[in-house]
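Notes for the one structure printed next.
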Amino acid sequence: MLSLAKLTEPDREKVLALSVDDSQLKYVGTTEEILSELPSSCIAHVIKFGEEVVGFFLLDFNYSDSYEFACDKPCIGLRGYLIDARQQGKGHGVQAVKLLPDYVKSQFPDVCKIYLTVNCKNPIAKMCYEKAGFVDGGELYLGGAAGPQHIMSLNLK
């Protein structure tokens with residue numbers, strides 16, 4: 001059974017052992033890079049299959065301060081989302097994103113919307129988010145290091 005939880009110290013080493021396919025590094029980076037550059041506005045979370053850590057993501061509570069398209073407040077941004085390369089193709093990515101709305105509502109009840117950007121060259125990730133209910137608003141974010149990104153969101157209220 002898949003579950004989401006805040007990153008705890010005992011899971012930190014498991015998160016650092018996660019890897020992404022080389023083709024995905026330009027979109028998400030390594031967990032070591034993400035954790036070493038973790039802004040204070042972000043809370044790290046794990047995706048577990050049973051007791052095994054199979055993925056990782058950040059919830060950014062200052063997302064609207066960095067991205068003007070995130071104008072619905074209070075909102076958060078989903079960042080650094082990854083499923084371990086050895087766990088891909090098992091449906092964990094879509095299933096975890098489908099768990100996200102109820103998880104966010106239970107942990108952060110004031111949040112009304114989740115935003116994310118996904119690179120235009122990463123259609124598999126975009127499809128994952130769409131299967132979980134995220135909507136592409138039709139606009140692009142052009143400030144990404146790896147090129148243009150679709151702006152997607154999910155209403156929680």
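What separates the Cα centres of the range 131-157 and the range 54-119 is a distance of 11 Å. Specify whether the C-alpha gyration tensor of the range 2-114 places it in the rounded, prolate or oblate class, a ≥ b ≥ c being the square roots of the eigenvalues: rounded for a/c under 1.5, otherwise prolate if a/b is larger than b/c and oblate if not. Here the range 2-114 falls in the prolate category.
Grab the DSSP H runs of the chain that are 4 residues or longer, score each as -39,500 (n - 2.57), total them, divide by all residues and round the 222 nm result to the nearest 500 deg cm²/dmol. It lands at -8000 deg cm²/dmol.
The residues Val20, Val15, when put in order of fewest to most other Cβ atoms within 10 Å, stand as Val20, Val15.
Please sort 54-60, 150-156 by packing, taking for each peptide the average over its residues of neighbouring beta carbons within 10 angstrom, highest first.
Values: 54-60: 23.3, 150-156: 19.3.
Listed from highest to lowest mean packing, they are 54-60, 150-156.
Electrostatic tally near Lys14: other residues with Cβ closer than 15 Å to its Cβ, Lys and Arg +1, Asp and Glu -1, net -3.
Annotation for the range 17-108: trypsin sites (Lys or Arg not before Pro) lying in DSSP loop with at most 16 further Cβ atoms inside 10 Å of their Cβ are Lys90. Backbone geometry of the range 144-153 corresponds, through the Karplus equation with coefficients 6.51, -1.76 and 1.60 at θ = phi - 60°, to 3J(HN,Hα) couplings of x, 5, 9, x, x, 9, 6, 9, 10, 8 Hz, x marking Gly and Pro.
Straight-line cross-link partners of Lys14 among the lysines, defined as a Cα under 20 Å from its Cα and at least 8 positions apart when in the same chain: Lys6, Lys48, Lys90.
By DSSP, the beta bridges lying fully in the chain are antiparallel in about 90 percent of cases. Across the options Gln107, Ala44, Thr30, the greatest Cα extent toward the positive end of the charge dipole of the range 2-114 (unit charges at beta carbon of Lys, Arg, Asp, Glu) belongs to Gln107.
The alpha-carbon atoms of the range 48-157, seen along their principal axes, cover 37, 33, 20 angstrom, with the largest extent given first. Simple point charges give the picture: +1 on the Cβ of Lys and Arg, -1 on the Cβ of Asp and Glu, and for the range 56-127 a dipole about the Cα centre of about 380 debye.
Counting only Cβ charges, +1 for Lys and Arg and -1 for Asp and Glu, the dipole size of the range 2-114 around its Cα centre is about 360 debye.
Laboratory data are not the source of any read-out in this text; all were calculated from the coordinates shown. Everything numeric here is computed off the predicted structure, so don't read it as measured data. Every residue, glycine among them, receives a Cβ derived from its backbone with ideal geometry; neighbour counts consider all protein chains shown.
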